[in-house]
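Asks: If you scroll down you'll find the structure; I have some questions about it.
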DNA sequence: CCACGTACACCC
DNA sequence: AAACGGGTGTACGTGG
């Protein structure tokens, strides 16, 4: 029993009602406090980005000369880098940068696809391509984040997002006005934006996240012996998968990884590591993420291709169906049970009884049925993982409110498997310890749940 | 002029 | 048909 919520092996709307109401007070606190923004820093970032964009435009302008876009009426318009229609015509009809490589068309066959994923392989084919790619990436950052967020702060430079607990079918929260659950992290320039999210005077930010939480729930639900052993021993799941698939010795590979991390690796070790990482661990890791989402061999193939690993479809099929599920046969049996439930009842539920309806599962059209099964297939893990963090939020609310009476301690953000809190410097270490501790013990499974905390002056340091 | 759909990009 | 689950926001293009 966790704050009135219990495990359930049947649908139970009352149980999840208690859970969802339990985390509302913390959501209210998060909304009230808001996260502090370094507005001048964000504005300077906007300036830097504007300079990059203008350079891109100058070069593109010089390269296209007097080219103009020809619209559907046959008349000409000035070329716009931001228009997908214009890009399709310029790159694939005028310049023909694709040579004889076929380029996919948009679903309604209006034009060629011009996404970054399509353009990237032709980066070297024409000097205009990298300029266009960069223009689009920096404009995204400027329009969505650096220009917009400063307009939304209050008089204390704080940003009060709205968390919505009634949108996502799996019980996740969503965030809007602005969305603070999709702040960039992947690229160098994007991550700079996180430097603008700062702690108040004499305070620091504390972030804690649950490690591999959906995998942990999959291990618990499936009772697959190898998965259970991974989490009991505290192994890296993807490295374990890789070792079992390719017949490698786990301690040996763990030592190799450590020697590279410590920068004590010999040249021989470095090249062995490079191969291991890209051609053995990466495919296994990709499958590990993909299987819970019902990934197909084709999906795996295209995902690997964007990381420079070009595997034939047969190899992808074998990795998923033979090798991966050979390592985790219990996981496959669990997924098959879940799929059977969906096909039979057109619904499924998580470990707390949160139901997802999947009417598509009864469609006469096979592709609609399969789509329904894929959607539902991930529900038990994603929803259970949300239950995990929601129960932790409920437990932490009063602890933080009590602490906040003597020194500032304010929950700010929830990002699916992560909680970010702002606290006075005198108590940040305590908050870091408590937050991780409660995330770890909010529910007790047959394996330990791991969580860790970071402390920093800004979000980028977390 | 506004509302909406499409395609794309950002996150976990 | 689509091919990987869950979200939000923006620019562009179209149609009322």
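The values are calculated or read from the model by the stated rules, or taken from the named source; none is laboratory data. Quick caveat: nothing in here was measured; it's all calculated off a predicted structure. Cβ coordinates were reconstructed from backbone atoms using ideal geometry, including for glycine residues, and neighbour counts include every protein chain displayed.
Asks: Can you name the residue in the range A:94-123 that is over 21 Å from residue A:79 (Cβ atoms) and more than 29 Å from the chain's Cα centre (by Cα) and is also farthest from DNA strand C (Cβ to nearest atom) among such residues?
Replies: For the range A:94-123, the residue satisfying everything is A:99.
Asks: How about the range A:403-439: which of its residues are free of Cβ contacts under 8 Å to residues at least 40 places away in the same chain, touching a strand residue (DSSP E or B) at 6+ places or on another chain (Cβ under 6 Å) and surrounded by fewer than 21 Cβ atoms within 10 Å (Cβ to Cβ)?
Replies: A:403, A:407, listed by residue number.
Asks: Quick one: is residue A:216 within 18 Å of residue A:449 (Cβ to Cβ), surrounded by 19 or more Cβ atoms within 10 Å (Cβ to Cβ) and modelled with pLDDT of 95 or more?
Replies: When the stated conditions are applied, residue A:216 passes them.
Asks: Something else: Working only within the range A:92-131, note down all residues that are more than 10 Å from DNA strand B (Cβ to nearest atom), touching a residue at least 40 places away in the same chain (Cβ under 8 Å) and in a helix (DSSP H, G or I).
Replies: Selection gives A:128, A:131.
Asks: Okay, next question. In the range A:34-47, how many residues are assigned to a helix (DSSP H, G or I) and either without any contact (Cβ under 8 Å) to a residue 12 or more places away in the chain or crowded, with 20+ Cβ neighbours inside 10 Å (or both)?
Replies: 5
Asks: Let me ask you something else. Within the range A:268-322, which residues are away from DNA strand B (no atom under 16 Å from the Cβ) and not in a helix (DSSP H, G or I)?
Replies: A:296, A:308, A:309, A:310, A:311, A:312, listed by residue number.
Asks: Just to check your reading of the model, which residue among A:151, A:141 is closer than 20 Å to residue A:193 by Cβ, within 11 Å of DNA strand C (Cβ to nearest atom) and surrounded by 13 or more Cβ atoms within 10 Å (Cβ to Cβ)?
Replies: A:141
Asks: Kindly check whether there is at least one residue in the range A:136-151 that is over 30 Å from residue A:412 (Cβ atoms) and within 16 Å of DNA strand B (Cβ to nearest atom).
Replies: Checking the range A:136-151: at least one residue is over 30 Å from residue A:412 (Cβ atoms) and within 16 Å of DNA strand B (Cβ to nearest atom).
Asks: Would you pick out the residues in the range A:335-379 that are assigned to a strand (DSSP E or B) and near DNA strand C (Cβ under 9 Å from one of its atoms)? Spell out how you get there, then give the answer.
Replies: To start, the set of residues in the range A:335-379 that are assigned to a strand (DSSP E or B) comprises A:347-349, A:355-357.
Scanning the range A:335-379 gives a single hit, A:356.
Asks: For the range A:318-340, enumerate the residues that are at pLDDT 95 or above and farther than 19 Å from residue A:225 by Cα.
Replies: Matches in the range A:318-340: A:318, A:319.
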